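S.K.: Dropping a structure here in structure tokens format, bear with me for questions.
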Amino acid sequence: MNLDSLLPNLGEWLKGTGPESDVVISTRIRLARNLAHYPFAGRANLAQKTEIETRGRECLTQAQLPAPLPYVSVAALPTLDRQFLVERQLISRELANVLEGPRGVAFDERESVSVMVNEEDHLRLQVMRSGLALDEAWAEIDKLDDALEARLRFAFHEQFGYLTACPTNVGTGMRGSVMVHLPALGITKQIEKVFRALQKINLVVRGLYGEGSRASGDLYQISNQVTLGKSESRVLTEIREVIAMILQYERSARQVLIRERRQAEHDRVARALGTLGSATMITSEETMELLSAVRLGIHLQLVDNIPANLVNQLFIQTQSAHLQKLMGTVLDGEERNAARARYLRAKLRELDANSR
Amino acid sequence: MANICQRCHARPATVHLTDIVNKKKRELHLCEECAREQQLIPEGPGTSLNLQALVSLIMGQPTPEVDPGALICPTCGLQYAVFRAEGRFGCPDDYDAFRSVLEPLLERIHRGTQHTGKFPRHEARRQKLLAETEALRGELAAAVAAERYEEAARLRDRIRQKEGADES
Ligand SMILES: [Zn+2]
């Protein structure tokens with residue numbers, strides 16, 4: 001598969017649509033599954049991993065699925081392509097850069113369903129949705145799991161549920177995450193308080209690219225920690241309740257901003273657009289910070305000539321691997337910062353020309 | 001009747017067991033020490049047989065020994081100490097091999113130790129077989145206690161058959 005064909009697309013999670021999309025970027029549910037009668041991937045030898053990959057791959061091509069899931073061998077991909085798939089949230093950084101041997105990912109054309117093979121667990125199923133859509137995402141991944149289970153025997157224990165390589169995933173093997181954009185809570189310095197409340201109820205907050213990654217651009221992923229002792233539906237209900245609370249906090253913080261410092265916010269958005277449209281060198285971090293201000297400006301109706309999903313487009317296309325694919329060449333750090341600035345200038349000029 | 005212990009081949013056999021495998025009679029003659037090691041005779045004085053251990057011996061399963069310090073998964077060879085250091089299991093069987101020490105750990109991580117979510121469909125079928133096997137085991141223990149060895153052998157064959165059906 002030529003991954004370059006994905007480049008102009010936004011993928012399901014960046015469509016910018018769906019319920020509560022003023023705050024919620026996307027919903028993701030992941031299921032960890034392992035084949036019975038094999039060691040876990042971390043302890044499997046080359047022959048076993050090859051066998052697991054073959055069985056997983058065959059199952060993915062033969063199972064009754066709503067959309068085909070073509071398989072890409074990650075082991076065979078150049079580094080840039082692996083990073084590209086990480087940026088699109090189709091594979092983990094571990095599968096891309098840390099793990100070795102036979103491994104890969106199958107995903108659909110819309111990039112809403114993906115299955116990693118030979119990650120920490122033999123199979124990691126994932127379903128993504130724009131906006132807040134936990135029920136839909138669960139219904140889809142539940143069906144995918146059934147379809148795979150019809151052809152594969154998963155390791156299951158009557159007491160411990162689905163068995164996983166790490167005890168933190170055992171039971172349902174399910175991790176539900178909701179990615180939220182919380183700039184107003186950041187500006188009004190309430191974010192720490194909100195996250196302390198989350199930890200008390202066993203939900204985890206992470207940055208955009210998962211475990212250990214720094215929150216940038218005011219984007220946060222909120223997910224469940226518990227997988228044993230609570231059913232999938234109960235865990236999803238708990239996430240939904242917390243997201244409802246966070247939505248309320250973020251929206252009222254936005255109202256406060258508009259009421260009390262409209263002029264200052266307008267200025268911040270105008271400056272962000274100014275920098276994005278005129279910088280000659282810009283890092284990915286700075287781009288994310290500025291795009292966060294622009295996104296907030298759109299939802300506060302401080303700017304009216306920018307379509308909401310342009311922010312998402314700029315956000316994904318200015319990530320390192322995407323940028324290098326766009327430019328068709330490998331770039332070092334400095335070259336990347338210059339190329340990123342060039343791309344942003346061109347895109348914002350295009351927008352200016354269209355709005356006149 | 002043999003009079004030397006079949007296990008240590010040294011001491012005189014004083015414990016005599018008869019097992020019937022596939023309608024053929026098999027005799028087992030052990031000295032008291034070896035019988036104790038197999039946990040056929042309970043600790044302390046008295047000669048009453050440990051039925052649980054006897055059933056286990058006939059079924060070919062060792063009586064589980066609880067020694068949390070030196071747990072090793074018989075399938076993949078992972079030691080519990082290595083699991084604790086690396087935080088990752090070696091294979092699905094580790095969950096049973098480490099079960100006794102795992103429960104408190106899972107309780108700390110999840111505040112729960114019993115899965116209450118989705119079941120794979122094949123699992124529902126297995127659960128039914130399991131319940132039936134469990135009932136047969138009860139009958140087997142009763143048959144052994146009443147020294148109805150012919151019946152016990154028949155029951156054991158049925159249990160093995162059911163366990164075989166689960167291996168699919
Ligand atoms: Zn093992």
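Matching residues to (1) away from chain A (no Cβ under 14 Å); (2) in a helix (DSSP H, G or I):
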{"site": "B:LEU106", "(1), (2)": "no, yes"}
{"site": "B:ILE109", "(1), (2)": "no, yes"}
{"site": "B:HIS115", "(1), (2)": "no, no"}
{"site": "B:HIS122", "(1), (2)": "no, yes"}
{"site": "B:ARG126", "(1), (2)": "no, yes"}
{"site": "B:GLU134", "(1), (2)": "no, yes"}
{"site": "B:ALA141", "(1), (2)": "yes, yes"}
{"site": "B:VAL144", "(1), (2)": "yes, yes"}
{"site": "B:ALA152", "(1), (2)": "yes, yes"}
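S.K.: Considering only residues that are among the hydroxyl-bearing types (Ser, Thr, Tyr) and either touching a Phe, Trp or Tyr at 6+ places or on another chain (Cβ under 7 Å) or within 16 Å of the ligand (Cβ to nearest atom) (or both), look in region A:17-41 and name the one that is nearest to the other protein chains (Cβ to nearest Cβ). Quick ask: steps written out before the conclusion?
M.R.: So the first thing to find is which residues in region A:17-41 are among the hydroxyl-bearing types (Ser, Thr, Tyr), and the list is A:17, A:21, A:26-27, A:38.
Those still in the list that are either touching a Phe, Trp or Tyr at 6+ places or on another chain (Cβ under 7 Å) or within 16 Å of the ligand (Cβ to nearest atom) (or both) too: A:26, A:38.
On the way: A:SER26: 23, A:TYR38: 7 Å.
If we take residues in region A:17-41 being among the hydroxyl-bearing types (Ser, Thr, Tyr) and either touching a Phe, Trp or Tyr at 6+ places or on another chain (Cβ under 7 Å) or within 16 Å of the ligand (Cβ to nearest atom) (or both), then A:TYR38 is nearest to the other protein chains (Cβ to nearest Cβ).
S.K.: If I ask for residues that are surrounded by 19 or more Cβ atoms within 10 Å (Cβ to Cβ), of a type outside the set (A, V, I, L, M) and either more than 10 Å from chain B (Cβ to nearest Cβ) or not in a helix (DSSP H, G or I) (or both), which ones from region A:142-158 would you list?
M.R.: Of everything in region A:142-158, those that are surrounded by 19 or more Cβ atoms within 10 Å (Cβ to Cβ), of a type outside the set (A, V, I, L, M) and either more than 10 Å from chain B (Cβ to nearest Cβ) or not in a helix (DSSP H, G or I) (or both) turn out to be A:PHE154, A:PHE156.
S.K.: Moving to a separate point now. Could you check how many residues of region A:19-33 are closer than 14 Å to A:GLY173 by Cβ and open to solvent by 30 Å² or more (accessible area, probe 1.4 Å)?
M.R.: So the count comes out to 1.
S.K.: Which one is farthest from A:ALA253 (Cα to Cα) among residues in region A:34-47 that are in contact with a helix residue (DSSP H, G or I) (Cβ under 7 Å, 6 or more places away or on another chain) and open to solvent by less than 10 Å² (accessible area, probe 1.4 Å)?
M.R.: Taking region A:34-47 and keeping what is in contact with a helix residue (DSSP H, G or I) (Cβ under 7 Å, 6 or more places away or on another chain), we get A:35, A:38-39, A:41, A:44.
Next, only the ones that are open to solvent by less than 10 Å² (accessible area, probe 1.4 Å) stay: A:35, A:41.
Working: A:LEU35: 47, A:ALA41: 45 Å.
So the residue we want is A:LEU35.
S.K.: How about region B:75-102: which of its residues are among the acidic types (Asp, Glu) and within 11 Å of the ligand (Cβ to nearest atom)? Show your work before the answer.
M.R.: First pass over region B:75-102, keeping only residues among the acidic types (Asp, Glu): B:86, B:93-94, B:96.
Across region B:75-102, the qualifying residues are B:ASP93, B:ASP94, B:ASP96.
S.K.: Take A:TYR38 and tell me if it is of a type in the set (Ser, Thr, Tyr) and under 30 Å from B:GLN79 (Cβ atoms). Write out each step before concluding.
M.R.: On the way: of a type in the set (Ser, Thr, Tyr): yes; under 30 Å from B:GLN79 (Cβ atoms): yes.
Considered against the rule, which asks whether it is of a type in the set (Ser, Thr, Tyr) and under 30 Å from B:GLN79 (Cβ atoms), A:TYR38 comes out as yes.
S.K.: Mind listing whichever residues of region A:221-247 are away from chain B (no Cβ under 14 Å), over 27 Å from A:ASN305 (Cα atoms) and in a helix (DSSP H, G or I)?
M.R.: Step one: of region A:221-247, the residues away from chain B (no Cβ under 14 Å) are A:221-223, A:239-247.
Now restrict to residues that are over 27 Å from A:ASN305 (Cα atoms): A:221-223, A:239-246.
Once the filter is applied, which keeps residues that are away from chain B (no Cβ under 14 Å), over 27 Å from A:ASN305 (Cα atoms) and in a helix (DSSP H, G or I), region A:221-247 yields A:ILE239, A:ARG240, A:GLU241, A:VAL242, A:ILE243, A:ALA244, A:MET245, A:ILE246.
S.K.: Could you list, in sequence order, the residues of region A:160-198 that are open to solvent by 20 Å² or more (accessible area, probe 1.4 Å) and within 14 Å of chain B (Cβ to nearest Cβ)?
M.R.: A:THR168, A:ARG175
The values are calculated or read from the model by the stated rules, or taken from the named source; none is laboratory data. These numbers come from a predicted model, not from an experiment. For neighbour counting, all protein chains shown are included, and Cβ atoms are generated from backbone atoms with ideal geometry for every residue, glycine included. Accessible surface areas use protein heavy atoms only, side chains included; no ligands, DNA or RNA. Shrake-Rupley method; radii C 1.70, N 1.55, O 1.52, S 1.80 Å.
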